[in-house]
1. Looking at region 125-155, which of its residues are open to solvent by 60 Å² or more (accessible area, probe 1.4 Å), in a helix (DSSP H, G or I), under 17 Å from residue 26 (Cβ atoms) and free of Cβ contacts under 8 Å to residues at least 40 places away in the same chain?
2. Please work out which one of (1) touching a residue at least 12 places away in the same chain (Cβ under 8 Å); (2) open to solvent by 80 Å² or more (accessible area, probe 1.4 Å); (3) closer than 15 Å to residue 143 by Cβ is the condition residue 78 fails and give its number.
3. Go through (1) without any contact (Cβ under 8 Å) to a residue 40 or more places away in the chain; (2) under 12 Å from the mean Cα position of the chain (by Cα) and name the single condition residue 28 misses.
4. In contact (Cβ under 8 Å) with a residue 24 or more places away in the chain and under 24 Å from residue 18 (Cβ atoms), is that true of residue 96?
5. If residue 91 meets every condition in (1) open to solvent by 40 Å² or more (accessible area, probe 1.4 Å); (2) assigned to a helix (DSSP H, G or I); (3) over 13 Å from residue 36 (Cα atoms) apart from one, which number is that one?
6. Look through region 97-124, keep the residues that are under 15 Å from residue 28 (Cβ atoms) and in a helix (DSSP H, G or I), and return whichever of them is most open to solvent (accessible area, probe 1.4 Å).
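The values are calculated or read from the model by the stated rules, or taken from the named source; none is laboratory data. Computed from a prediction, not measured in an experiment: that's the story for all the values here. Because the Cβ atoms are built from the backbone with ideal geometry, glycine has one as well, and the counts that use them run over all protein chains shown. Just so you know, the surface numbers come from the protein's heavy atoms only, side chains and all, with ligands and any DNA or RNA stripped out. Shrake-Rupley method; radii C 1.70, N 1.55, O 1.52, S 1.80 Å.
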Amino acid sequence: MNPRALGDIAAAKRRMEAGLDAAHLDRDVKHGRGGIREIEMTVQSHQLLLGAKQPFLQGPGTLAILDQLQAYRVLPKDEASRLAGAYRFWRSIEHRLQLEHGQPVHSLPEGEPARTRLARLLGCRQLGAFETKRRDHARFVHAAFEQIFGIGAGE
C-alpha cells in the first residue's frame, strides 16, 4: 500500500473532527478522539498495509481482526486487548444510548444526572469511575491511532 494512503485516512479523520466543537468531540463515542472510528481506522489500516500478503487479516469484524493481529504478533497482546476492551466499552455506551433514544445517538449526555444514570446502567456505581475509565480508553486509543498514522500530539 502506498504510504500516502495512511495520510489520506488521517486527513479524512481530521475532516470528520473539524465539524465538531471541542466539547462535542470529547462526548462523541463514535467520531471523537479515541472513539470507535479511531479503533476501526487503526484496525483497517493494518488490514490495508498487510492484508494482501496476510490472508488472516482479510475479513470483516473489528474484534475478530484485533484477535488476529494479536495472534500473529502484528500487535502486542496488551495493545490488542486494550483496543478490544475500548471497542466493547464504546459500543456498550452507543447501544445503551440508542436503546434509550430509539434512534442513532453517539454523544454522551451533557448533564451530570444523565451521565450518572448512564454510568450506573453500564455497571459503574459512581460517575467518577466511569469518567476515569472513559478518559483512559480515549487516551489509549488515540495514542494507538496517532502511532499508526504517524501523527504528532496535538495534530
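1. 132, 135, 136
2. Condition not satisfied by residue 78: (1).
3. Status for residue 28: all satisfied but (1).
4. When the stated conditions are applied, residue 96 does not pass them.
5. (3)
6. 101
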